[in-house]
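Student: Below is one structure. I have some questions about it.
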Amino acid sequence: MTSQRRVISIQPGQPASDGAGVRLNRVIGGPGLERFDPFLMLDEFSTDNPDDYIAGFPPHPHRGFETITYMIEGRMRHEDHLGNVGLLGSGGVQWMTAARGIIHSEMPEQESGAMRGFQLWLNLPAKDKLGEAGYRDIPASEIPRINTASGVEVVVIAGEFDDGEIRQAGAVQRPHTQPQLFDLHLPAGSQVSPHLADGQRVMLYVYEGSLELPGANAQAAGAGRLVRLSDEGELHLASAQGARVLLIAGTPLNEPIVQYGPFVMNSREEIEQALRDFRDGVLA
């Protein structure tokens, strides 16, 4: 009998403010990051009040990791010191590899209406932290969307979705951390069983509806809850009333994590070097 992944914790996010005053729900971030390795932060932004997002994120630096911004609704413009410019629209993704250094801004291109989406930080292995920086703008039309036999719609952002009947590669592949990033839309009464490699860290963020969780003890997670699962076993998800869920999985790096604001390295000395490089204008 094959085991199922166990529920380790169910936790809410915390209200936060970042950039020039953008209101967020910080789902992951801060002490205890090693529990979520290779992921460093997950922010949810969801508001129709322009005062919550209009100030945006003026130019700021990063080093040592990747940022993935998934926009469900809204418009935001990216510009960086390398000359990259991208307009993130509804359903699109911006995948930025900060590596040795990038200075960018993320500013709303709207003055009213809803702004809704996520930003996920994905760590880089030590050998790549000072590699070349890069940026990719992925419109919704280039991100695969599939429907399973039970009617679940899957937006395959990264990795490969495989439920034993359908296999679909995502828009982005990363060999070092093998991130799997799916947006699952479960209609009422549906279920889905994505295959994930043993050893991968797995998290579910429910952002609409309610999700029934695997395991012998009947548990459910409602909107605004992050579910952390064990690293081995099969995964079976179901929703009686319907749900929208971000599935996040990746292979841990098992390396030291030292973070200071927008810099994530492996040692305090490397952080101090990043601060000096930014001060001296040679971050990148």
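The values are calculated or read from the model by the stated rules, or taken from the named source; none is laboratory data. Every value quoted in this text rests on a predicted model; they were computed, and no experiment measured them. FYI the Cβ positions are ideal-geometry reconstructions off the backbone, even for glycines, and counts take in every protein chain you see. Accessible surface is based on the protein model in full, side chains and every heavy atom, while ligands, DNA and RNA are left aside. Shrake-Rupley method; radii C 1.70, N 1.55, O 1.52, S 1.80 Å.
Student: In debye to the nearest 20, how big a dipole does the chain give about its Cα centre with +1 on each Lys and Arg Cβ and -1 on each Asp and Glu Cβ?
Tutor: On the way: 23 positive and 37 negative charges, 72 e Å.
The calculation lands at about 340 debye.
Student: Oh, and also: How large is ³J(HN,Hα), in whole Hz, for each residue of the range 236-245 in order, when computed from phi with the Karplus curve 6.51 cos²θ - 1.76 cosθ + 1.60 and θ = phi - 60°, using x for Gly and Pro?
Tutor: Values per residue, Gly and Pro as x: 10, 10, 9, 9, 6, 9, x, 7, 10, 9 Hz.
Student: Towards the positive end of the charge dipole of the chain, with charges on Cβ (+1 Lys, Arg; -1 Asp, Glu), say which of Ser230, Gly131, Gly86 has the farthest Cα.
Tutor: The listed residue farthest towards the positive side: Ser230.
Student: Now for a separate question. Between the helical axis of 268-279 and the dominant principal axis of the chain, each derived from Cα atoms, what acute angle in degrees is found, rounded to the nearest 10?
Tutor: That helix lies at roughly 50 degrees to the long axis.
Student: Ranked by accessible surface with a 1.4 Å probe, highest first, in what order do Glu208, Glu44 come? Display every interim value, and only then the final one.
Tutor: Working: Glu208 65, Glu44 30 Å².
Ranked from most to least accessible, the order is Glu208, Glu44.
Student: Additional query: Can you tell me the length gained on complete extension of the stretch Ser112 to Ala126, counting 0.36 nm per residue apart and subtracting the Cα distance? Display every interim value, and only then the final one.
Tutor: On the way: separation 14, 0.36 × 14 = 5.04 nm, distance 4.15 nm.
So the chain would gain 0.9 nm between Ser112 and Ala126.
Student: A further question on this structure: Please sort by residue number the GluC sites (Glu not before Pro) in the range 150-192 whose DSSP state is loop and whose Cβ has at most 10 other Cβ atoms within 10 Å. Kindly include the intermediate steps, with their values, before the conclusion.
Tutor: Values: sites: Glu153, Glu160, Glu165; in loops: Glu165.
Answer in residue order: Glu165.
Student: What FRET efficiency do you get for Glu165 and Glu79 if R0 is 30 Å and r is their Cβ-Cβ distance, rounded to the nearest 0.05? Mind showing how you got there, number by number?
Tutor: On the way: r = 42 Å, r/R0 = 1.41.
Once the sixth-power term is evaluated, E becomes 0.10.
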